[in-house]
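Shown next, in structure tokens, is the structure this report addresses.
Please treat every number below as a calculation from the coordinates, not as lab data. Because the structure is predicted, anything quoted here is derived from the model rather than measured. We place every Cβ from the backbone using ideal geometry, glycine too, and count neighbours over all the protein chains shown.
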Amino acid sequence: MSKEIDRKLKVLRTLLVASLFFLTAFQLFAAESSGKPIALFLNDPAYDSALSPIERSLAEQGIVYRIFKIFKDELPGDERDYAGIIIAGGDSMRNYIDWNNKIYEGGEIILRGEVPILGICLGHQIVSRVYGSVMYYSEERRWHNVKTLLDDPILEGLSDTLLVWENHAYAVAKLPDGFRLMASGSVTPIQMIKHETKTIYGVQFHPETPGEFLSTPQGWKLLSNFAKISKAETVPVPLPPNGRKVFPY
């Protein structure tokens with residue numbers, strides 16, 4: 001009889017240990033993810049129906065996102081419904097700020113900074129202008145090395161020198177108010193910035209862009225790190241073979 005009781009106690013102990021393990025694992029997973037997608041602000045009508053390189057990068061890394069076509073006046077009702085915001089490149093600051101420095105709804109979202117924000121190329125310039133900087137002509141269309149200057153979670157796992165794609169006609173003339181310089185280049189000095197108190201980043205280069213010799217660019221890790229900082233939802237889903245399909249596929 002005592003042997004049977006011992007056996008049952010061992011089974012109960014095993015079940016208890018297993019339950020505690022899975023509970024701890026679930027709590028750790030919950031702490032790592034908010035369960036919310038990234039809001040991707042598209043500013044280029046060329047990607048009205050085509051898959052943008054940023055989408056491809058996010059999708060192939062399993063980072064859940066939702067598209068907002070800013071050129072069609074799409075904006076989230078409440079940015080806090082999203083883990084973070086990526087502001088893509090393009091050729092128009094519509095719905096953010098005009099040339100008289102009047103700030104619109106998209107710019108107000110950036111000023112509030114209630115969720116992590118990453119501006120890429122034009123997005124970087126938009127962030128900078130909203131916070132008081134100005135632009136100047138600085139054309140670069142090439143692969144180029146930029147030097148990182150600060151330690152930060154968004155650069156985790158990356159080297160001090162990044163090979164990145166530059167594709168811009170204008171650049172940020174001075175650090176915007178409240179920002180620090182994170183990376184610099186020989187032609188365009190202000191290549192990456194971060195707000196001193198808010199989780200807002202800007203990168204002049206295109207971390208999402210692959211090349212014929214670089215199918216998985218270093219910058220994809222930067223995007224992955226931003227998703228991690230944002231605690232964005234991630235899933236093990238590959239990119240669909242044809243056409244745009246927004247998560248969940």
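Could you please rank Lys36, Lys102, placing first whichever residue has the fewest other Cβ atoms within 10 Å of its Cβ?
In order of increasing Cβ crowding within 10 Å: Lys102, Lys36.
Hey, what's the per residue convex hull volume over the C-alpha atoms of segment 127-206, in cubic angstrom? List each step's numbers first, then the result.
Values: hull volume 6.4 nm³, N = 80.
Convex hull of Cα atoms, per residue: 80 Å³.
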